[in-house]
Amino acid sequence: MFEQLRASLRNLLDGSTAPGDRREALTGLKAALVHARMGVDDLRGGVAMARERSAQGQAELETIRRRKRLAAQIGDTETVAVAERFEALQVERVEVLAHKQDAAERELALAEKEVAEMSADFRRAVAGVGSGGGAAAAGDTHERAAAREVDALLGDDEAADRERRAASRAHRDAEAEARLAELKRRMGK
């Protein structure tokens with residue numbers, strides 16, 4: 001997804017970039033990394049929309065099934081037949097929406113992983129690690145200071161990212177538990 005950004009980071013880390021061009025390259029990479037993070041935020045929005053559409057599809061399926069049961073209780077065979085056709089279509093629709101949601105979640109996880117790795121590489125590039133610029137002589141203090149500076153520039157708060165992912169996961173789990181409980185209630189278990 002971010003091949004050009006990764007290639008530029010590799011060039012900085014392996015010393016392929018001339019020392020005079022490092023600052024300009026780092027500035028461009030910083031901007032690209034910020035855009036990549038914005039892309040991840042867009043993917044998060046897409047995942048939220050996919051979850052919402054999947055939930056709406058499931059709710060619609062439950063409505064169709066309820067109407068079919070009601071029609072069967074009053075002996076309306078014509079309505080039952082129509083409801084069965086709509087139910088079959090909606091089952092397919094719900095499956096497609098579930099697959100879309102899964103794909104969006106997997107794409108988001110991959111993008112988050114790539115951006116996290118690139119952020120770490122960018123920190124090392126800013127600190128001069130691997131550039132042949134004597135970063136080892138500067139010591140760990142220089143690298144930590146550079147990492148803090150980059151974190152401030154990028155607004156990188158990995159702890160907040162982890163908390164957002166954990167909250168999202170907890171929300172998905174709670175939704176699944178609620179749907180399962182509702183399904184069990186409806187089935188009389």
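The values are calculated or read from the model by the stated rules, or taken from the named source; none is laboratory data. Computed from a predicted model, the values in this text were never measured in an experiment. In this analysis, Cβ positions are derived from the backbone assuming ideal geometry, glycine residues included, and neighbour counts consider all displayed protein chains. Just the protein is used for accessible areas: all its heavy atoms, side chains included, with ligands, DNA and RNA removed. Shrake-Rupley method; radii C 1.70, N 1.55, O 1.52, S 1.80 Å.
Within segment 74-105, the set of residues being in a helix (DSSP H, G or I), of a type in the set (Asp, Glu) and open to solvent by 50 Å² or more (accessible area, probe 1.4 Å) comprises 78, 84, 92, 95, 102.
One residue is enough: does segment 123-131 have a residue meeting the conditions modelled with pLDDT under 75 and on the phi > 0 side of the Ramachandran plot? For segment 123-131, residues modelled with pLDDT under 75 and on the phi > 0 side of the Ramachandran plot: present. Residues of segment 57-73 that are open to solvent by 50 Å² or more (accessible area, probe 1.4 Å), in contact (Cβ under 8 Å) with a residue 12 or more places away in the chain and under 15 Å from residue 182 (Cα atoms): 58, 60, 65.
Considering every residue within segment 64-84, establish whether at least one is within 30 Å of residue 45 (Cβ to Cβ) and modelled with pLDDT of 85 or more. First the steps, then the outcome.
First, the residues of segment 64-84 that are within 30 Å of residue 45 (Cβ to Cβ): 64.
If we keep only those that are modelled with pLDDT of 85 or more as well, we get 64.
The answer is yes, given that some residue of segment 64-84 is within 30 Å of residue 45 (Cβ to Cβ) and modelled with pLDDT of 85 or more.
Of the listed requirements (1) among the basic types (Lys, Arg); (2) open to solvent by less than 50 Å² (accessible area, probe 1.4 Å); (3) modelled with pLDDT of 80 or more, residue 22 misses just one: (3). Does any residue of segment 157-170 turn out to be of a type outside the set (Ser, Thr, Tyr), at pLDDT below 75, touching a helix residue (DSSP H, G or I) at 6+ places or on another chain (Cβ under 9 Å) and open to solvent by less than 60 Å² (accessible area, probe 1.4 Å)? Yes, that holds for at least one residue.
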